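K.L.:
Have a look at the structure that comes next, please.
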Amino acid sequence: MPLKPLSEYDQNGFYCEMLGEAGATEAKLSQLWERLVSYDTQELEDRASEATGELLDLGITFTVYSERDAIDRILPFDIIPRVLSAADWQHIEAGVIQRVTALNLLLQDLYGDGKIVRDGVLPGELIYGNANFRKEMVGYQPPCGTFVHVAGVDLIRDDDGSFLVLEDNARTPSGVSYVVENRHLMQRAFPDLLAGYTVRSVSEYGERLHEKLSEVAPKNKDDPTVVLLSPGVFNSAYFEHIFLAREMGIPLVEGRDLTIKDDCVFMQTVAGMKRVDVIYRRIDDDFLDPDVFNPDSALGVRGLVRAVLAGNVCLANAIGTGVADDKAVYAYMPRIVQYYLGEEAILPNVETHICREPEALAYTLDNLDKLVVKPVGASGGYGIVIGPKASRAELEQCAAQLKAAPEEYISQPMINLSVSPTLTDDGVAPCHVDLRPFAVTGRETWVLPGGLTRVAMKRGSIIVNSSQGGGTKDTWVIDETSP
Amino acid sequence: MTDLLSRYAESLFWFGRYLERTTCLARLLEVQTSFDRGRSNSGNAWSWILTLYDDHDRFRETYGEPTTSTVIRFYVADPKNLGSIVASIRAARENARTLRAVIPMDLWHQVNVFYNRFRDPSPAMLVDQRLSHTCQLIKKECYALEGVADATLYRDVAWSFFQLGLLIERADQMSRLLDVRFAQMRDQADSAQDGLGDFGFWSVLLRSVAAQQAYLRIHPGRRDPESVAKFLIFDPALPRSIVFCSTQLEHLVHGLRRDYGLRGATNVLQKLDDVRQLLDIASNDQNLVRELHSFNDQVQRDLGAVTNELATHFFNPIQAQSEDSGDVVTPGQSQSQGSGTNATQNQSQT
């Protein structure tokens with residue numbers, strides 16, 4: 001079957017990242033569009049498969065282990081870029097910085113006096129009854145007041161093109177390696193597509209991250225030793241750990257490389273024990289320290305929490321940030337921004353109904369077929385029920401679950417995610433996308449221009465998570481004047 | 001850089017060893033294939049390789065009586081044989097994978113492409129007519145990998161540990177090969193065959209260690225067993241001779257102490273002194289060729305001791321310290337440090 005040419009692309013009534021609002025008279029990015037249309041679809045395919053082969057050769061992969069073998073898979077990569085204007089980016093950047101600032105102030109408060117709870121803005125049981133609230137950290141004051149050093153704020157775009165926050169990721173958000181590697185791939189495979197555009201660079205991420213992590217070293221130590229703590233080669237994000245360690249030029253350590261002596265952290269080198277000042281950890285709280293959290297964990301370091309509390313080492317992100325990016329706390333974010341900063345949230349939330357509140361539960365049950373219901377604890381797109389697409393039986397099951405444990409769920413209206421032209425098995429199709437910008441915070445916050453565009457490669461799907469068949473695109477932030 | 005993680009040092013060492021092991025085995029099989037052609041159809045012509053790696057028992061468990069094709073499968077394509085080419089490439093690549101933040105991207109790229117190309121050789125690559133070609137390709141990939149390492153790897157302690165692994169394996173392989181080949185010739189001589197005088201035999205031995213041209217340049221027209229053995233053991237200019245390897249090893253370990261202040265290097269040097277002494281005595285020994293087995297035995301034992309010292313002082317030093325203080329020593333998770341196939345039994349990435 002011949003592939004459908006790009007000129008027959010139809011955005012299906014959604015907001016399109018390339019063409020703009022449905023029915024717009026002129027394409028938003030007309031020049032880039034014309035350039036793309038001029039390619040033969042077969043040529044696009046050929047170049048795409050070449051690029052994909054290169055990902056395998058370079059080992060930009062995640063590994064799936066079976067009993068017999070270890071198989072390297074690549075995250076599907078779409079070669080048609082997603083483009084953001086300078087104005088869009090300015091708006092996103094300001095909104096993300098505001099959001100991260102509020103998250104850090106919230107965490108300082110929650111592990112400090114808890115003023116926001118006493119003032120009645122947040123219900124206490126939502127915080128103190130939350131499994132991700134780590135009571136061990138009460139009273140902890142991290143360097144620079146920063147709890148969330150690396151944040152990934154997931155954004156989506158509505159029918160009219162406005163950006164909304166879907167989720168805050170304040171634990172160990174991943175994906176930034178793909179932002180950088182996708183760009184390098186595009187530069188090699190499609191230099192002609194990029195020609196003439198001034199696309200903001202993403203290459204300095206490692207340098208900026210290292211700078212911010214150095215800022216939070218205990219006791220303002222000059223030239224601190226920063227390491228990245230990984231669960232090891234079997235972790236599906238291992239490539240990203242390698243990438244980050246390499247880009248920063250720091251050791252990629254595992255728990256077994258570290259020991260604690262007198263509440264200080266040391267790594268075992270060929271020249272003996274070397275003191276460690278800052279740990280960018282890519283291990284969840286639960287596995288960090290068997291003395292305090294999961295006692296069966298062999299991934300972490302015994303005594304690490306004591307070293308943190310003694311102020312001898314700084315963990316990024318801090319322990320206990322999971323309480324702030326909870327889906328239930330998310331619903332309060334506009335009020336949290338207002339409370340600490342006295343400002344309106346620059347990036348609004350998706351309207352959210354907190355099912356623990358009786359009115360919200362009643363509304364959700366009455367409108368189940370129009371709403372998206374999400375469990376508050378899960379991540380990776382698991383357990384989500386999309387009302388308009390669910391069967392009668394699925395809706396009934398969902399209602400029963402809601403009634404049984406309403407506090408476990410939130411609901412949101414169905415948002416039409418924007419689409420972006422994407423090369424699929426049967427030609428270029430409108431596929432739904434989201435955007436995860438990455439913000440890095442030491443003394444201040446810096447946002448990597450662009451971010452990770454995830455694309456739902458399955459026809460009609462709105463779930464972009466890589467665990468559910470999602471892919472990625474290169475994300476350009478361009479100067480308005482070019483080309 | 002002296003803040004190289006101990007675990008990285010160990011991975012670099014084993015990356016070097018597995019790479020060299022692959023090179024040696026591929027070259028050996030390549031030469032054996034050409035040599036074997038037209039001479040013999042029985043597995044006997046190949047079973048000496050089982051002796052070389054001490055694999056007779058493990059081989060018989062799976063394959064029974066050795067035949068040409070099963071020995072080839074066992075050493076090229078059997079992933080369960082941890083001493084096979086596919087398993088060695090895989091082990092080299094797994095070690096390189098943990099080193100990706102340390103080694104140049106080009107080096108990783110090379111090893112990854114190599115692995116993906118040969119991870120699962122098709123039966124067509126192993127048939128008689130193709131085997132020599134396949135082994136040659138593998139050998140060339142190994143040379144290319146060594147070349148990329150040489151051209152790109154930063155010359156600090158990371159390079160030293162990589163080279164230490166490579167050179168120890170190289171010396172060990174040479175010693176094993178001499179041992180088995182000379183024993184084989186003596187057996188044949190005893191049974192009144194053409195024995196030690198077999199011109200073709202020495203030619204094959206020299207070719208299987210890439211030393212044929214060099215030997216002929218130094219000894220035009222000659223191919224007697226004694227001069228071949230001495231050349232392969234003592235020639236200071238032959239990159240695979242035992243003396244060449246031990247000299248390089250000394251140089252590297254001296255550097256660890258002198259340039260990077262690594263104190264554990266002193267203990268490693270002591271073990272290298274043993275190797276040096278053994279070689280000095282042997283070079284004056286009139287009966288060396290007749291006593292080659294005990295010499296080779298000692299070489300392999302001494303190299304094992306060097307590896308042990310490296311492990312104690314650099315790879316698993318926490319255990320060394322707790323030994324000093326009388327604490328209970330837990331078994332390390334290091335990769336085995338012997339050589340040959342038994343050596344490949346465990347991998348640190350468990």
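The values are calculated or read from the model by the stated rules, or taken from the named source; none is laboratory data. What you are looking at is a predicted structure, and each value in this text was computed from that prediction instead of being measured. Ideal geometry is used to build each Cβ from the backbone, glycine not excepted, and the neighbour counts take in all protein chains shown. Heavy atoms of the whole protein, side chains included, go into the accessibility calculation; ligands, DNA and RNA do not. Shrake-Rupley method; radii C 1.70, N 1.55, O 1.52, S 1.80 Å.
K.L.:
Would you mention how many residues in region A:257-311 are of a type outside the set (Gly, Ala, Ser), part of a loop (DSSP other than H, G, I, E, B) and away from chain B (no Cβ under 14 Å)?
P.N.:
13
K.L.:
Ok, one more. Can you name the helices (runs of 4 or more DSSP H) wholly within region A:137-227 that have at least 2 residues being of a type in the set (Ser, Thr, Tyr) and either more than 22 Å from A:GLY112 (Cβ to Cβ) or in contact with a helix residue (DSSP H, G or I) (Cβ under 8 Å, 6 or more places away or on another chain) (or both)?
P.N.:
Those helices (runs of 4 or more DSSP H) span A:176-189, A:205-215.
K.L.:
A follow-up question, please. Could you pull out every one of the helices (runs of 4 or more DSSP H) wholly within region A:79-134 that has 2 or more residues that are closer than 30 Å to A:PRO421 by Cβ?
P.N.:
A:86-110
K.L.:
Scan (1) at pLDDT below 95; (2) within 25 Å of B:ARG155 (Cβ to Cβ); (3) more than 13 Å from chain A (Cβ to nearest Cβ) for the single condition B:ASP285 breaks and write down its number.
P.N.:
(2)
K.L.:
Can A:MET248 be described as crowded, with 22+ Cβ neighbours inside 10 Å, over 19 Å from A:ARG171 (Cβ atoms) and either at pLDDT 95 or above or within 14 Å of chain B (Cβ to nearest Cβ) (or both)?
P.N.:
Yes.
K.L.:
List, please: which pairs have Cβ atoms under 6 Å, are six or more places apart or on different chains, and start with a residue in region A:426-442 that is under 14 Å from A:ASP78 (Cα atoms) and end with one that is of a type in the set (Ser, Thr, Tyr) and not in a strand (DSSP E or B)?
P.N.:
Correct list of pairs: A:VAL428/A:TYR9.
K.L.:
Just give me the residues in region B:43-67 being in contact (Cβ under 8 Å) with a residue 60 or more places away in the chain and part of a helix (DSSP H, G or I), in sequence order. Outline the logic, then answer.
P.N.:
Let us first name the residues in region B:43-67 that are in contact (Cβ under 8 Å) with a residue 60 or more places away in the chain, namely B:48, B:51-55, B:58.
Within region B:43-67, B:TRP48, B:THR51, B:LEU52, B:ARG58 qualify.
K.L.:
Right, something else. Taking the conditions exactly as written (modelled with pLDDT of 95 or more, part of a helix (DSSP H, G or I) and out of contact with any strand residue (DSSP E or B) (no Cβ under 8 Å at 6 or more places or on another chain)), does B:GLU10 satisfy them or not? Outline the logic, then answer.
P.N.:
On the way: modelled with pLDDT of 95 or more: yes; part of a helix (DSSP H, G or I): yes; out of contact with any strand residue (DSSP E or B) (no Cβ under 8 Å at 6 or more places or on another chain): yes.
Yes; evaluated as a whole, the condition is true for this residue.
K.L.:
Another one. Specify the residue that is most open to solvent (accessible area, probe 1.4 Å); the eligible residues are those in region B:68-98 that are more than 12 Å from every other protein chain (Cβ to nearest Cβ) and assigned to a loop (DSSP other than H, G, I, E, B).
P.N.:
Among those residues, the one meeting the criterion is B:LEU82.
K.L.:
Need pairs with beta-carbon distance below 8 Å; first residue in contact (Cβ under 8 Å) with a residue 24 or more places away in the chain and within region B:138-159, second crowded, with 18+ Cβ neighbours inside 10 Å and of a type in the set (Lys, Arg); sequence gap 6+ or separate chains.
P.N.:
Correct list of pairs: B:LYS139/B:ARG27.
K.L.:
Could you say whether any residue in region A:313-334 is within 14 Å of chain B (Cβ to nearest Cβ), closer than 20 Å to A:HIS241 by Cβ and hydroxyl-bearing (Ser, Thr, Tyr)?
P.N.:
No; the residues of region A:313-334 include none that is within 14 Å of chain B (Cβ to nearest Cβ), closer than 20 Å to A:HIS241 by Cβ and hydroxyl-bearing (Ser, Thr, Tyr).
K.L.:
Whether any residue in region A:424-436 is among the β-branched types (Val, Ile, Thr), open to solvent by less than 10 Å² (accessible area, probe 1.4 Å), modelled with pLDDT under 95 and over 13 Å from A:ASP154 (Cβ atoms) is what I want to check.
P.N.:
Taking every residue of region A:424-436 in turn, at least one turns out to be among the β-branched types (Val, Ile, Thr), open to solvent by less than 10 Å² (accessible area, probe 1.4 Å), modelled with pLDDT under 95 and over 13 Å from A:ASP154 (Cβ atoms).
K.L.:
Which residues, taken from region A:343-368, are at pLDDT below 90 and either out of contact with any helix residue (DSSP H, G or I) (no Cβ under 7 Å at 6 or more places or on another chain) or within 22 Å of A:LEU417 (Cα to Cα) (or both)? Can you show your working first?
P.N.:
Of all residues in region A:343-368, those at pLDDT below 90 come to A:354, A:356-357.
Across region A:343-368, the qualifying residues are A:ILE354, A:GLU357.
K.L.:
Another question about this same structure. Have a look at B:ALA101, B:ALA158 and point out the one that is within 14 Å of chain A (Cβ to nearest Cβ), assigned to a helix (DSSP H, G or I), among the small types (Gly, Ala, Ser) and in contact with a Leu (Cβ under 9 Å, 6 or more places away or on another chain).
P.N.:
The match here is B:ALA158.
K.L.:
When residues of region B:255-264 are filtered for being more than 11 Å from chain A (Cβ to nearest Cβ) and either in contact (Cβ under 8 Å) with a residue 60 or more places away in the chain or open to solvent by less than 80 Å² (accessible area, probe 1.4 Å) (or both), how many remain?
P.N.:
So the count comes out to 1.
K.L.:
Spot the failing condition for B:VAL157; the list is (1) surrounded by fewer than 22 Cβ atoms within 10 Å (Cβ to Cβ); (2) more than 20 Å from the chain's Cα centre (by Cα), and only one is missed.
P.N.:
Unmet for B:VAL157, out of (1) surrounded by fewer than 22 Cβ atoms within 10 Å (Cβ to Cβ); (2) more than 20 Å from the chain's Cα centre (by Cα): (1).
K.L.:
I'd like to know if region B:137-144 contains one or more residues that are within 14 Å of chain A (Cβ to nearest Cβ), buried (at least 18 other Cβ atoms within 10 Å of the Cβ) and more than 28 Å from B:LEU279 (Cα to Cα).
P.N.:
Yes.
K.L.:
Tell me yes or no: at least one residue of region A:194-214 is within 12 Å of chain B (Cβ to nearest Cβ), surrounded by fewer than 20 Cβ atoms within 10 Å (Cβ to Cβ) and within 24 Å of the chain's Cα centre (by Cα).
P.N.:
Checked region A:194-214: at least one residue is within 12 Å of chain B (Cβ to nearest Cβ), surrounded by fewer than 20 Cβ atoms within 10 Å (Cβ to Cβ) and within 24 Å of the chain's Cα centre (by Cα).
K.L.:
Criterion first (open to solvent by less than 30 Å² (accessible area, probe 1.4 Å) and among the β-branched types (Val, Ile, Thr)) does A:VAL385 satisfy it?
P.N.:
The answer is no for A:VAL385.
K.L.:
Give the residues of region B:104-119 that are of a type in the set (A, V, I, L, M, F, W, C), at the interface with another protein chain (Cβ under 10 Å from one of its Cβ atoms) and buried (at least 20 other Cβ atoms within 10 Å of the Cβ), sorted by residue number.
P.N.:
Across region B:104-119, the qualifying residues are B:TRP108, B:VAL111.
K.L.:
It is to be established whether one or more residues within region A:373-381 are more than 30 Å from A:GLY114 (Cα to Cα), part of a strand (DSSP E or B) and under 27 Å from the mean Cα position of the chain (by Cα).
P.N.:
no
K.L.:
Do we have A:THR321 as more than 30 Å from A:ALA87 (Cβ to Cβ) and without any contact (Cβ under 8 Å) to a residue 60 or more places away in the chain here?
P.N.:
no
K.L.:
Does A:ALA298 qualify as being in the same structural domain as A:TYR205 (by TED's automatic domain parsing), open to solvent by 10 Å² or more (accessible area, probe 1.4 Å) and either free of Cβ contacts under 8 Å to residues at least 12 places away in the same chain or more than 29 Å from A:LEU105 (Cα to Cα) (or both)?
P.N.:
Numbers: in the same structural domain as A:TYR205 (by TED's automatic domain parsing): yes; open to solvent by 10 Å² or more (accessible area, probe 1.4 Å): yes; either free of Cβ contacts under 8 Å to residues at least 12 places away in the same chain or more than 29 Å from A:LEU105 (Cα to Cα) (or both): yes.
Against the criterion (in the same structural domain as A:TYR205 (by TED's automatic domain parsing), open to solvent by 10 Å² or more (accessible area, probe 1.4 Å) and either free of Cβ contacts under 8 Å to residues at least 12 places away in the same chain or more than 29 Å from A:LEU105 (Cα to Cα) (or both)), A:ALA298 qualifies.
Okay, residues lined up against (1) under 25 Å from the mean Cα position of the chain (by Cα); (2) at pLDDT below 95; (3) under 22 Å from A:PRO218 (Cα atoms); (4) loosely packed, with under 14 Cβ neighbours inside 10 Å:
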| residue | (1), (2), (3), (4) |
| --- | --- |
| A:GLU93 | yes, no, no, no |
| A:ASN104 | yes, no, yes, no |
| A:TYR111 | yes, no, yes, no |
| A:ILE116 | no, no, no, no |
| A:ASP119 | no, no, no, yes |
| A:PRO123 | no, yes, no, no |
| A:ASN132 | yes, yes, no, no |
| A:MET137 | yes, no, yes, no |
| A:CYS144 | yes, no, yes, no |
